[in-house]
Amino acid sequence: MSLSEDFQLADDLHPIDIVETLAEHNAWEFDRVTDDQIAMAVEGQWRTYSLTLAWSGRDETLRLICTFEMEPPAERMPEVYALLNLINDECWCGAFTFWAEQRLMVWRYGLALSGGQIASPEQVDRMINAAVLGAERFYPAFQLVAWGESTPEAAMQVAIAEAYGRA
């Protein structure tokens, strides 16, 4: 059964209602902050990620922000920013940025739903999965550059390497 079959499609289906249903289905901790915003915690292999999804009716866009704390040493920041550029070249949906003041690594993505389009549960699920999988994929590279004194190029080889089998 597809995710869409779990929803009764209606013209007034709110994108945040879809997110809330997915959070309940996956047993993620969440808080419906407002009618147009939800915050949740999603457990990954490396850490728990904070996700916020917000609907902007004016822009007709569902925005996703996935964050995790990161406090790299100041002297490593040029390498961290170089790594961000390399990582973002590999990302087709969304992009990373570093919010220095908040000490947060951030994955951002916006799903444009102009003309009254309705987000499908599959689209929302894919947005969330892309954010968490991207954070999981590149988290070791961020760690290697920030604290392992690896070069951005060497750290990218870890993130790009294909794993086979199970440990």
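The values are calculated or read from the model by the stated rules, or taken from the named source; none is laboratory data. Here the structure is a predicted model, which means the values were calculated and not measured. SASA here: full protein model, heavy atoms, side chains in, ligands and nucleic acids out. Shrake-Rupley method; radii C 1.70, N 1.55, O 1.52, S 1.80 Å.
Numbers for the structure displayed
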| read-out | value |
| --- | --- |
| Per-residue ³J(HN,Hα) for the range 20-29, Karplus 6.51 cos²θ - 1.76 cosθ + 1.60, θ = phi - 60°, Hz, x for Gly and Pro | 4, 5, 5, 4, 4, 4, 8, 6, 7, 5 |
| Solvent-accessible ranking of TRP55, TRP92, largest area first, probe 1.4 Å | TRP92, TRP55 |
| Accessible carbon and sulfur surface of the range 55-149 relative to its total accessible area, %, 1.4 Å | 49 percent |
| Residues with amide H under 5 Å from that of LEU104, placed H, sequence gap 5 or more | MET70, TRP99 |
| The chain, accessible area per residue, ligands and nucleic acids excluded (1.4 Å, Å²) | 58 Å² |
| Among (1) 31, 17, 14; (2) 51, 19, 16; (3) 22, 19, 15, the entry derived from the coordinates for semi-axes √(5λ) of the Cα gyration tensor in Å | (1) |
